[in-house]
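First comes the structure, then the notes that go with it.
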Amino acid sequence: MNYDRPVHDIPTLEPLAIGASKNDRYIALRRYVQQLVDGEPDWLANLANVAAAINDRVPGLNWVGFYLMRGSELVLGPFQGRPACVRIAVGRGVCGTAAASQVSQVVPDVTAFPGHIACDARSRSEIVIPIVVDGRTVGVLDLDSDRLANFDIEDRRALETIVNDLEPRIDWSAATRV
Ligand code: SME
């Protein structure tokens, strides 16, 4: 771990060229997220910055954040958006389904998802990526949009890659401590 980074050294996010594709945007976001967390051991600061970076770079979001496994349930972690449900049982809603199944959930219309938990009435579509370390779910990354079908397979693959990058870089035992 490199602890030598100057206190105010926040990496800059390169401006995107006009007409940049979704793939271009995600490549830049992935690089940016790596720069934000590399050399910084504080899980809370890192997850907060990652939520902010995603909020800044993925179009159409009304909410993005982390839920962390605390004991047997998911508890709200760093996020951007309106205040949200604090505790979600594993297996409940989109987040709990992703946590239980360890499979990403892409929901084009939340009203069609049985058991969807409506934290923000504006949300119309949602994607949830499970965060799995050594076979154990340690949390989920949840993105909500006020647009129908805002997320597709490209978002899923790109966000899974970003979560994969995060898995070895975050102190999950501290992040999931009860
Ligand atoms: N809609 C989620 C709950 C979390 S909020 O969207 C922030 C779900 O059904 O799990």
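The values are calculated or read from the model by the stated rules, or taken from the named source; none is laboratory data. Note that the coordinates shown come from a computational prediction; the quantities given were computed from them, not determined experimentally. Cβ atoms come from the backbone with ideal geometry, glycine included; neighbour counts cover every protein chain shown.
Since N164 meets every condition but one in (1) buried (at least 17 other Cβ atoms within 10 Å of the Cβ); (2) within 12 Å of the chain's Cα centre (by Cα), which condition does it not meet?
Against the list (1) buried (at least 17 other Cβ atoms within 10 Å of the Cβ); (2) within 12 Å of the chain's Cα centre (by Cα), N164 comes up short only on (1).
Please state which of the following conditions P83 fails to meet, knowing it meets all the rest: (1) within 16 Å of A51 (Cα to Cα); (2) surrounded by 13 or more Cβ atoms within 10 Å (Cβ to Cβ); (3) more than 9 Å from the ligand (Cβ to nearest atom).
Condition (2) is where P83 drops out.
Out of S173, S104, S125, I need the residue that is of a type in the set (S, T, N, Q), under 23 Å from R30 (Cβ atoms), more than 12 Å from the ligand (Cβ to nearest atom) and without any contact (Cβ under 8 Å) to a residue 60 or more places away in the chain. Which one?
Values: S173 fails: under 23 Å from R30 (Cβ atoms); S125 fails: more than 12 Å from the ligand (Cβ to nearest atom).
From the options S173, S104, S125, the qualifying one is S104.
Of the residues in the stretch 16-51, how many are within 20 Å of T161 (Cβ to Cβ) and aliphatic (A, V, I, L, M)?
11
Confirm whether G91 is farther than 28 Å from D24 by Cβ, in a loop (DSSP other than H, G, I, E, B), at pLDDT 95 or above and not aromatic (F, W, Y).
Taking the combined requirement at face value, the residue satisfies it.
For (1) touching a Phe, Trp or Tyr at 6+ places or on another chain (Cβ under 7 Å); (2) among the polar types (S, T, N, Q), each residue gets a yes or a no:
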| position | (1), (2) |
| --- | --- |
| D24 | no, no |
| Q34 | no, yes |
| E40 | no, no |
| L44 | no, no |
| A48 | no, no |
| V86 | no, no |
| G91 | no, no |
| C95 | yes, no |
| V110 | no, no |
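Please state which one of T97, T111 is surrounded by 13 or more Cβ atoms within 10 Å (Cβ to Cβ), among the hydroxyl-bearing types (S, T, Y), within 16 Å of the ligand (Cβ to nearest atom) and at negative phi.
Being surrounded by 13 or more Cβ atoms within 10 Å (Cβ to Cβ), among the hydroxyl-bearing types (S, T, Y), within 16 Å of the ligand (Cβ to nearest atom) and at negative phi holds for just one of T97, T111, which is T97.
Mind listing just one residue for me: the one in the stretch 43-80 that is more than 15 Å from the chain's Cα centre (by Cα) and in a loop (DSSP other than H, G, I, E, B) and, of those, nearest to the ligand (Cβ to nearest atom)?
The selected residue is S72.
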